[in-house]
């Protein structure tokens, strides 16, 4: 039995009691091409971001991508169209920990950073929205630095303060950038103390508060004020009450500054404090945040309050949190508010023109290194206290149930995020290109999930996580409710097939001990109950189930008590009996795909063979003769855990999946983005344009428009480990 499938199932068992375009239209890809759904960044990253005078949001450089590398690219989020566009060119040197400031003329200044070799950088670039490009400043910065701050002053100049040099030594120098001349000049006085990775906040009187951060490895409590009139720094009346680094700082409407979270000497901090400009002192807030937050995100709200959230409470481990706290400036207290859909830390936070905070990018802790970089943002609604994703799925999700609804939308339910099974669900609307969370969750966590749209338009979701659980989804109310009766037996990962009479055949799967089953049952939508039907000729898991033209069901391959199977059987609804197909398949296969062709034959493609190696071969089942024959051609590469969908032109699109090989450490999967098309008229496969992302454990769905929705799934390789995806793409045949 394949270890990965068992892992999905056993995790679900453990979690069974855990609880339950410019107009905003979807993208229109060119024929035979794929585009991302709206609202997704081009590259997941940890990077600084600023809101430009136009209301657009610029994010520059940073660290991220699937290659986990320093970035030279930039991108712009357009709130009016909920879309991202890449900056036309790139920075001269890829850099993280750079400093970014929006300028009064609508442009933005980027300075410094550290490159992949550990060198602090002198580079300074201006982003101009008119050309959508970077251009070097006229003058050069005086000191190479990273982990600095860049603060636009009231006169339009920019204060660049502190940071580290290439040696790692923290500097106490500061300099002023003058947009009128394009020149940099040192301030008349240095900072009182060196600061790097600190906070800098422009106060109402035009001074700048510089607080906390690091000096080498020492976490700082010191704070000082920069006075633009004298170009000098002076100490605040008192230091911070707690030394803190990697914290959030927000200017409140009443002129005070909220400094929250971060790390102290050895742990994440749940404390926060307020700087009062009238006394130049710091005081603790009336209570602490709901959890410690290392590298949190924070933003002011239109009414004068603020939100602080995300980050991590597990310093030095990077395990992000999704929760947020609302800070009430009138009482100086925190209380929990809505949570992000995807937990993240080190995410940029900016304020959109309507006053809504945008939390952008960050680390979601997926992958073998615990570092995967988010290509999505989430917008906080101060009225409802909830977040909405800018684009993509509302959860990192693979091995989910997918069902095309009668109104053309697509339900995505349950699944797995490589950390836990999921009970959440969402619906994709082709008209907007967005995924909307359902009104409630599945009764239990569900991975892997299977579902089918019933003749009345509801969707049956079979998860088996409680042993005999099943849910019905009502598209009208966007909600789940339990079926009237439970399943007859616990079945993890069975096939779910809608029969011609409207009943549903549920066959095979695993029991609670991980053994393949030969049991099957029928769901009757009229009564909402399950009843036993005939017993399969062989126990099967990860098999295919295909409704044939005559109303019977072909169940083929899979894995059983003796390993991967090359047998198949037919279920006849008239007799409620299973009968073995006398001829075996051309190869043992588990986790293959099966598609009914226009001439009544069934294409069975890919999967794993008896040695648990992925296959590039495919075969055809002919119901008239009961025989399996190999296709004339083979796919462009081996694949398993892939997805296959029938296209309107009669061809079959076979996408993604993993190439699995055996190593001394066991099976090794490498996910692919390749696509093949099978043409029944020639029996040949033709390679197509690859997907935008590698992915397996996903379901491709043919939309009413003839386009194909490709959402979520996993990426698996030796470098990344396993990474669950929230991205989605749309293919136009």
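Throughout, read-outs are computed from the coordinates displayed, never taken from laboratory work. Quick caveat, the model's predicted, so the values are computed rather than measured. Don't worry about glycine lacking a Cβ; one is built from the backbone with ideal geometry, like all the others, and counts go over all protein chains shown.
Relative to one another, the C-alpha centroids of the stretch 130-177 and the stretch 410-464 are positioned 48 Å apart. The Rg/Rh ratio for the stretch 101-235, using Cα coordinates for both the radius of gyration and the Kirkwood hydrodynamic radius, is 0.96. Using the Cβ-Cβ distance between residue 319 and residue 624 with R0 set to 56 Å, the FRET efficiency from 1/(1 + (r/R0)^6) comes to roughly 0.50. Helix-only arithmetic for the chain: the sum of -39500 (n - 2.57) across DSSP H runs with n ≥ 4, divided by the residue total, places the mean residue ellipticity at 222 nm at -500 deg cm²/dmol. Here r is the Cβ-Cβ distance between residue 637 and residue 221 and R0 is 35 Å; the resulting FRET efficiency, rounded to 0.05, is 0.05. Computed over the stretch 237-389, the quotient of the alpha carbon radius of gyration and 2.2 N^0.38 Å is 0.99. Expressed per residue, the C-alpha convex hull volume of the stretch 628-714 stands at 112 Å³. Residues within the reach of a label modelled at residue 266 (point 7 angstrom out along Cα to beta-carbon, backbone nitrogen below 20 Å), restricted to the stretch 284-328, are 292-295, 312-319. The distance linking the stretch 229-245 with the stretch 534-569 is 71 Å (Cα centroid to Cα centroid, whole angstrom). Under the simplified labelling scheme, the residue 33-residue 681 pair shows an inter-label distance of 2.6 nm, with each label point 7 Å from Cα along Cα→Cβ.
Taking 22 Å as R0, compute the FRET efficiency from the Cβ-Cβ separation of residue 662 and residue 420 and round it to 0.05.
Efficiency, from the Cβ-Cβ distance: 0.20.
Here the stretch 271-339 and the stretch 660-728 have alpha carbon centers that stand 41 Å from each other.
Pairs of C-alpha atoms in the stretch 498-581 farther apart than 23 Å represent 18 percent of all such pairs.
Of the peptides 676-682, 171-177, 44-50, the order by per-residue mean of other Cβ atoms within 10 Å, starting with the highest, comes out as 44-50, 171-177, 676-682.
For the stretch 116-167, the equivalent ellipsoid derived from the Cα gyration tensor has semi-axes of 21, 16, 9 Å, listed largest first.
Set against the labelled values (i) 1.04; (ii) 1.00; (iii) 0.97, Rg/Rh (Cα atoms, Kirkwood Rh) computed from this structure falls on (i). Distance between the pseudo-spin-label points of residue 381 and residue 616 (7 Å out from Cα toward the beta carbon): 5.0 nm.
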